[in-house]
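The values are calculated or read from the model by the stated rules, or taken from the named source; none is laboratory data. As the structure is a prediction and not an experimental result, all values here were calculated from the model. Every residue, glycine as well, gets a Cβ built from its backbone with ideal geometry; the counts of neighbours run over all protein chains shown.
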Amino acid sequence: MSQAAPAPFLFVAVKPAGGRTLGVRRARSRPALAEVLRREKLLLLQSWRLPSWLDREGRISLKDYAVLNEVLAQLLSRGVPLVEALDVTASAVSSGVRPRVERLRELVSGGSSYADACKAAGGFDDVSVSVYRAAERTGDLAGAARQLAATAKRQIAVAGKAGTLMLYPSIVLVISMVVASILLTTIVPKLGEQLADANIPLPRYSQIVMSFGRTLRDNGTFLLVVLAAAAVALLIFNRKVGDAIGRFSRAAPMLRDVVLAQEAARFFSVMAAMTRSGVPLSDALAVGNKAVKLRTLRQQLERLRTRLIEGGILKNLIEEVDALPLTTRRLLIAAERSGDLEAAFSALASDMTEEVERRSSRLLAVLEPAMIVFIFLVIGSLLLSILVPMITMTSGVGTN
């Protein structure tokens, strides 16, 4: 849905009259900072930008994003003024997002447009802000909010299905890793010591596993400190870690197909909202391309937009976007001829969401047996390191 908002500012302000320091306040951005100072009649003494990992507000969750846009669309379509609609919307979202919606209402009541208020309040990505701004120009903010709500609901449905399918393998994986850790740090080293005291020769593989288990057991405190430091590092550099995971997901063979379908679904949803607002196709592409992170697809769409601006025709240029399925390109050509691109974009958004579900199910169907094989290799290798010396010992006793 939305990318992380810019890190907030901390600032110290004073009243112009008495010069009394009021203390520390927060603002999401420089425009928001200026608005707070103007509204409260304060003077800025000093400001600092917080690191992103200290930002407790973060971005709006997908669920709250869907609820906000859905309630807003329902109220605005019935003629409710935007300020009153935001007042009602604040009671519909979760308690953590409610202060941000209240800030939106304050900014809008102070004369800001809804798009500018969203940008100042934070939590909305550039794509959402651009869609809101285009819709406000044509007076169809309700339609844009409804489209964005539908997109968020599709993403929630896909994520929920993936979470359900991954629940069982995840539980099995966690239990297996716990069992493997107990075996590796308790049973394996103890058995190794007993076999060594009995002067029983151990295979090289068993020696390596038992030595590794003893190292883990003897340095447990140090390992816990390392894990805690790694957790803190992940918290601090969460954005870089997220970017790295995103790059990997766009390069991995089967996962790449899921990401492509997901980004295409978001792209077509944005294009439907923009064309509904009467935005020219080239300008809509400038906004929709921001929702695409896959390099191949984004480059092709950027090239398509450039050639449209130069006077090209969509039906001739769309064939070059071979990152999209052939049926998708044919549908866009037919829609462009009939002059109904909005309906085509909406239909493609729904189709791509279904494609995400199919590809996710296919990926999870492959991951589940792969995870079982991984678990078998981990625990099986530990059991093998125990059983081989015991079999050797038993064979030796039987021979004697």
Tally the residues that are in contact (Cβ under 8 Å) with a residue 40 or more places away in the chain and either over 14 Å from GLY288 (Cβ atoms) or within 23 Å of the chain's Cα centre (by Cα) (or both), restricting the search to the range 114-134. 13
Can you tell me which of (1) in a helix (DSSP H, G or I); (2) of a type outside the set (Phe, Trp, Tyr); (3) over 25 Å from MET352 (Cβ atoms) is the one ARG154 doesn't meet? (3)
Output the residues belonging to the range 72-93 that are within 21 Å of GLN147 (Cα to Cα) and polar (S, T, N, Q). GLN74, SER77, THR89
Only one residue in ALA286, ALA291, ALA365, ALA347 is under 30 Å from GLY160 (Cα atoms) and in contact with a Ser or Thr (Cβ under 9 Å, 6 or more places away or on another chain), so which one is that? ALA291
From the list TYR132, TYR168, exactly one residue is farther than 22 Å from SER360 by Cβ and either part of a helix (DSSP H, G or I) or not assigned by TED's automatic domain parsing to the domain that holds LEU364 (or both). Which is it? TYR132
Got a sec? Which of ALA272, ALA347, ALA286 is touching a Phe, Trp or Tyr at 6+ places or on another chain (Cβ under 7 Å), closer than 20 Å to ALA145 by Cα, part of a helix (DSSP H, G or I) and not assigned by TED's automatic domain parsing to the domain that holds ALA142? ALA272
Would you confirm whether any residue within the range 145-158 is at pLDDT 80 or above, over 20 Å from GLU263 (Cβ atoms) and either within 23 Å of the chain's Cα centre (by Cα) or not assigned by TED's automatic domain parsing to the domain that holds MET352 (or both)? yes
State whether the residues of the range 200-212 include one that is under 30 Å from THR353 (Cα atoms) and either in the same structural domain as LEU387 (by TED's automatic domain parsing) or surrounded by 13 or more Cβ atoms within 10 Å (Cβ to Cβ) (or both). no
Please indicate, with yes or no, whether at least one residue in the range 116-123 is out of contact with any Cys (no Cβ under 9 Å at 6 or more places or on another chain), at pLDDT below 85, farther than 29 Å from MET352 by Cα and not assigned by TED's automatic domain parsing to the domain that holds MET271. yes
Is it the case, given these coordinates, that ALA370 is assigned by TED's automatic domain parsing to the domain that holds MET177, of a type in the set (Gly, Ala, Ser), part of a helix (DSSP H, G or I) and surrounded by 15 or more Cβ atoms within 10 Å (Cβ to Cβ)? no
Among residues belonging to the range 324-349 that are among the polar types (S, T, N, Q) and surrounded by 16 or more Cβ atoms within 10 Å (Cβ to Cβ), point out the one that is farthest from ILE313 (Cα to Cα). SER346
